[in-house]
1. Working only within region 39-67, note down all residues that are under 13 Å from the mean Cα position of the chain (by Cα) and touching a residue at least 40 places away in the same chain (Cβ under 8 Å).
2. Within region 163-176, is even one residue touching a Pro at 6+ places or on another chain (Cβ under 9 Å) and free of Cβ contacts under 8 Å to residues at least 60 places away in the same chain?
3. Which residues, taken from region 74-118, are farther than 15 Å from ASP63 by Cα and touching a residue at least 40 places away in the same chain (Cβ under 8 Å)?
4. Looking for something crowded, with 19+ Cβ neighbours inside 10 Å and at pLDDT below 95 - is there at least one such residue anywhere in region 2-15?
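The values are calculated or read from the model by the stated rules, or taken from the named source; none is laboratory data. Values in this document were obtained by computation on a predicted structure and should not be read as measured data. Cβ sites come from the backbone with ideal geometry, for glycine too, and all protein chains shown count toward neighbours.
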Amino acid sequence: MYPDCDAPIPLTGLLSMLTGGDRRSIGQANRAAAIALAQPDAMAVLMLGMTGTDPVVRMRCADAAEKASAVQPDLLLAHRQALLGPLAAMTQPEVRWHVASMLVRLPLSATELDQVWHILLGFTQDSSRIVQTAAMQALADLAVVHPHLMPEAHARIVAMMETGSPAVQARGRKLLVDHATATRRRTP
């Protein structure tokens with residue numbers, strides 16, 4: 001999925017590898033994701049980079065962390081508090097849409113589930129349509145894992161579709177079909 005990493009790289013060089021250019025490019029985020037998969041300690045560096053001062057590095061760190069966690073969700077376990085706290089509070093859209101996906105991959109206590117639900121509801125109000133869409137997807141994904149949330153997720157998706165952009169409406173239609181399919185599978 002990601003380019004191979006021939007040899008371990010010093011983690012001190014990971015953030016510098018993600019500098020330069022602008023936010024329209026992921027730079028070497030795929031390589032950074034591969035490094036995090038090969039060297040799990042790199043995830044701490046990526047999480048730290050998500051709170052740094054350079055918006056390009058923040059975005060690329062978020063992208064790399066999200067991609068690595070999609071393959072190996074356990075990489076997020078040590079970073080639960082950061083994801084639920086300062087990273088969830090980040091306002092940069094490119095960070096938020098990746099954080100939304102990562103939050104859903106965490107095993108959550110009842111209290112944390114409520115916290116994540118409210119974080120994602122807040123993301124649905126973001127001015128970025130991409131963040132709104134990512135939050136909508138995350139709410140739907142969370143409801144699949146926690147079926148008691150399905151009615152609330154369904155209602156939120158419908159509400160977002162009524163006032164949302166064409167992208168939000170299209171994602172909403174897909175999610176409603178997916179929810180109907182998931183509900184039919186669970187009903188004997």
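1. In the first step, residues of region 39-67 are kept if they are under 13 Å from the mean Cα position of the chain (by Cα); the result is 47, 50, 59-67.
Result: MET47, MET50, ARG60, CYS61, ALA64, LYS67.
2. Filtering region 163-176 down to residues touching a Pro at 6+ places or on another chain (Cβ under 9 Å) leaves none.
No.
3. Within region 74-118, VAL104 is the sole residue that qualifies.
4. Pass one, region 2-15, residues crowded, with 19+ Cβ neighbours inside 10 Å: 14.
Restricting the remaining residues to those that are at pLDDT below 95 gives 14.
Yes, the conditions are met somewhere in region 2-15.
Quick grid of which residues meet (1) of a type in the set (A, V, I, L, M); (2) modelled with pLDDT of 95 or more:
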site	(1), (2)
ALA82	yes, yes
GLY85	no, yes
ALA89	yes, yes
HIS98	no, yes
ALA143	yes, no
HIS148	no, no
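For every residue, the table says whether it meets (1) closer than 27 Å to ASP141 by Cα; (2) not aliphatic (A, V, I, L, M).
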site: LEU14; (1), (2): no, no
site: GLY21; (1), (2): no, yes
site: PRO40; (1), (2): yes, yes
site: THR53; (1), (2): no, yes
site: ALA64; (1), (2): yes, no
site: ALA78; (1), (2): yes, no
site: GLY85; (1), (2): yes, yes
site: GLU94; (1), (2): yes, yes
site: GLU112; (1), (2): yes, yes
